[in-house]
Amino acid sequence: MRKKKPKRRVQAKIREETLDIKASNDCWCMDFVADQLFTGEKLRALTILDIFTRQSTEIGIGLCYKSLDVVESLEKAIQVVSHFV
């Protein structure tokens, strides 16, 4: 009878240092959210958040979200933030 191959042990990855965020607009995060409509069309949303305040600076929505749309959403978020500062 054949023996199972031994499982390889995965070495722990050294974590990078965390960012020191002390004020709003020091660091943003963005993520895509996807859903499907009743008609079968896929809907995508790009959410851009300020990590310090946890407020959404921009939410871009579209059926087809391309790289140019991402750049446009980021530019809108920068305009909104610079308007309030």
Qualifying positions in the stretch 20-34 - among the charged types (D, E, K, R) and within 23 Å of VAL71 (Cβ to Cβ): ASP26, ASP31
Complete set of residues in the stretch 1-37 that are modelled with pLDDT of 85 or more, surrounded by fewer than 10 Cβ atoms within 10 Å (Cβ to Cβ) and of a type in the set (A, V, I, L, M): ALA23, ALA34, LEU37
Candidate set from the stretch 38-85 (those that are touching a strand residue (DSSP E or B) at 6+ places or on another chain (Cβ under 9 Å), farther than 25 Å from ALA23 by Cα and among the small types (Gly, Ala, Ser)); member that is surrounded by the fewest Cβ atoms within 10 Å (Cβ to Cβ): GLY62
Output for the stretch 4-55, where each listed residue is over 18 Å from the mean Cα position of the chain (by Cα), under 23 Å from GLU72 (Cβ atoms) and either β-branched (Val, Ile, Thr) or in a strand (DSSP E or B) (or both): LYS42
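How many residues are free of Cβ contacts under 8 Å to residues at least 24 places away in the same chain and closer than 19 Å to SER82 by Cβ if we restrict to the stretch 31-49?
Residues that pass the stated criteria total 1.
The values are calculated or read from the model by the stated rules, or taken from the named source; none is laboratory data. Everything numeric here is computed off the predicted structure, so don't read it as measured data. Please note: Cβ atoms are built from the backbone with ideal geometry, for glycine as well, and neighbour counts cover all protein chains shown.
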